[in-house]
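Reading through the structure tokens given below for one structure.
The values are calculated or read from the model by the stated rules, or taken from the named source; none is laboratory data. These numbers were taken from a predicted model, which means no experiment stands behind them. Note that we place each Cβ from the backbone using ideal geometry, even for glycine, and neighbour counts take in every protein chain shown.
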Amino acid sequence: MSKLWGGRFTKETNKLVEQYTASISFDQQLASEDITGSLAHVAMLGKCGILTPSEVNTITEGLHAVQQKMTNGNANFKIEDEDIHMNIERMLIEEIGPVGGKLHTGRSRNDQVATDMHLYLRRHVVHFVQLLSDLQRALVQQAEQNMDTILPGYTHLQRAQPILFSHHLLAYVAMLQRDIERLMDSYKRINTMPLGAGALAGTTFPIDRHYTASLLHFDHLYENSIDAVSDRDFIVEFLADASLIMLHLSRLSEELVLWSSTEFSFIELDDAFCTGSSIMPQKKNPDVPELVRGKTGRVYGHLMGLLTLLKSLPLAYNKDMQEDKEGMFDTVQTLQGALQLFAPMIATMKVNKTNMMKAVREDYSNATDIADYLVNKGLPFRAAHEVIGKIVLYCIENKKYLLDLTLEEYKQFNVLFEKDIFVALQPENVVNARDMHGGTAKKRVSQAIEQVKLCIEKSDTWVKEHTIT
Ligand code: ARG
């Protein structure tokens, strides 16, 4: 069969050109969005008197039949038909005859493909908000179970100050909350309809874009037809949001890998989320967080790829833009894979409270608190810092920790020390002394958990309100 656009041509397309320019191998993933868009378009053509009711019925039934074929795996996608749009149109014409050719009235593949991608991302963004809030729930659950678990907090990967494990987990919950809010915000721009823009200038047919938008549950229309078909900002934005999500997951991944090493032994990931070695029988490897860490790179790559693709591209549609899809599909798949695994992996993770506490007892992470102690007794902080530095050095040289020193030893460094220094130095007290908004004191962390639970509830409601069936 000749090409749908074959009229102007006198020669067959070179086979290699056909293969090089075709996108059907990957844009098949837009098949159901393409049908959804076409169903609304044809209904609008009917409503506006551009097609007769019987033509609308025939085309609508035909589109359902094509959809059915695709669902049953009976669709015969052909590379000669280039992309998903022309494959579906050809199958429609095979199904119902030449009347199928009326579907493309008042439309171009340029506004069609953009619409498909808006529909596709809209669906996935809502799902990602759901997956992110599931992960928050798993983290909060662990946080609640670890309200008495203290570990050294790190800076420079050196033990810094004791913190509640819950507080540490809530830091990730906060990052994920920003990720959720970014996705929710992007939804406004994703849920904007390009359809009706035609190739770039609009159409001479008396179409009703508002009607099509209402059928497709789009909240907004692109206001400028040229912008409508040229814009891929919404995909760039999604890839940037996805990059940040992967960045956050990769930081958590890194910590899970470190914490599950024998050297740390702070946590143990469930057997179901680890893999073994083909040679070393003792091994239990944290492959999931390692792979998430590794796959972060490809998502950044897709962001950079699309930014570069769009840079300096003249308006409106250019074939270059066909390259916007694979990175987007791969990002959706990569993100979905990671998020799906993370929530159950966190939920089933065992936390080794004893080892965390041992690490706190066998370090100097309560040193700042001795300084604060002296400050409370009237010494300037800088002077106190100097005194404690000397005490720590003394401890290191004498193989002792701060809690091992006697009051007499303390007094040799400064007369302001009293018996209550030993109370101030207890890890629980060190943690609970950080009793300010956003601090690690148990009371503050409990309040933070309640706040976070409200956010999770809000996200769940948002997901329900934005799920289009
Ligand atoms: N497969 C094309 C793409 O994804 C569809 C739009 C084609 N438009 C055109 N004028 N050739 O970009």
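Structure values in brief
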| item | result |
| --- | --- |
| Residue count, the range 69-89 (criterion: in a helix (DSSP H, G or I), of a type in the set (D, E, K, R) and either within 16 Å of the ligand (Cβ to nearest atom) or touching a Lys or Arg at 6+ places or on another chain (Cβ under 9 Å) (or both)) | 3 |
| Selection within the range 434-455 - buried (at least 19 other Cβ atoms within 10 Å of the Cβ) and more than 31 Å from the chain's Cα centre (by Cα) | R434 |
| Among (1) within 43 Å of the chain's Cα centre (by Cα); (2) surrounded by 14 or more Cβ atoms within 10 Å (Cβ to Cβ); (3) not in a loop (DSSP other than H, G, I, E, B), the one test that T354 misses | (2) |
| Flag if A75 is over 22 Å from P206 (Cβ atoms) and touching an Asp or Glu at 6+ places or on another chain (Cβ under 7 Å) | no |
| So D148, is it within 16 Å of the ligand (Cβ to nearest atom) and either at pLDDT below 95 or at negative phi (or both) | no |
| Given (1) modelled with pLDDT of 95 or more; (2) in a helix (DSSP H, G or I), number of the condition D372 does not satisfy | (1) |
| Residue check, M328 away from the ligand (no atom under 16 Å from the Cβ), touching a residue at least 40 places away in the same chain (Cβ under 8 Å) and either under 30 Å from Q145 (Cβ atoms) or not acidic (D, E) (or both) | no |
| Search result, residues across the range 10-34 that are surrounded by fewer than 19 Cβ atoms within 10 Å (Cβ to Cβ) and aliphatic (A, V, I, L, M) | L16, V17, I24 |
| Residue list for the range 50-63, restricted to those being surrounded by fewer than 20 Cβ atoms within 10 Å (Cβ to Cβ) and in contact (Cβ under 8 Å) with a residue 24 or more places away in the chain | I50, E55, E61 |
| Tally of residues being within 16 Å of the ligand (Cβ to nearest atom) and of a type in the set (S, T, Y) across the range 183-214 | 1 |
| Selection from the range 332-354 of residues that are within 19 Å of P289 (Cβ to Cβ) and polar (S, T, N, Q) | Q333, T334, Q336, Q340, T348, N352 |
| In the range 138-160, residue nearest to A448 (Cα to Cα) [restricted to those that are in contact (Cβ under 8 Å) with a residue 12 or more places away in the chain and part of a loop (DSSP other than H, G, I, E, B)] | M147 |
| Qualifying residue in the range 53-67 (condition: within 15 Å of the ligand (Cβ to nearest atom), part of a helix (DSSP H, G or I) and not hydroxyl-bearing (S, T, Y)) | no |
| Per-region count, the range 439-469, residues over 24 Å from V392 (Cβ atoms) and out of contact with any helix residue (DSSP H, G or I) (no Cβ under 7 Å at 6 or more places or on another chain) | 14 |
| So L119, is it buried (at least 20 other Cβ atoms within 10 Å of the Cβ), in contact with a Ser or Thr (Cβ under 7 Å, 6 or more places away or on another chain) and in a helix (DSSP H, G or I) | yes |
| Output for the range 446-468, where each listed residue is β-branched (V, I, T) and either under 17 Å from L135 (Cα atoms) or in a helix (DSSP H, G or I) (or both) | I449, V452, I456, T461, V463 |
| Some residue of the range 132-145 being touching a Ser or Thr at 6+ places or on another chain (Cβ under 7 Å), away from the ligand (no atom under 16 Å from the Cβ) and within 29 Å of N191 (Cβ to Cβ) | yes |
| Any hit, the range 90-110, residues being of a type outside the set (S, T, Y), within 14 Å of the ligand (Cβ to nearest atom) and under 18 Å from G46 (Cβ atoms) | yes |
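The rows are residues; the columns are (1) in contact with a Ser or Thr (Cβ under 8 Å, 6 or more places away or on another chain); (2) crowded, with 19+ Cβ neighbours inside 10 Å.
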site	(1), (2)
M147	yes, no
I150	no, yes
G153	yes, yes
H167	yes, yes
I180	yes, yes
I190	no, yes
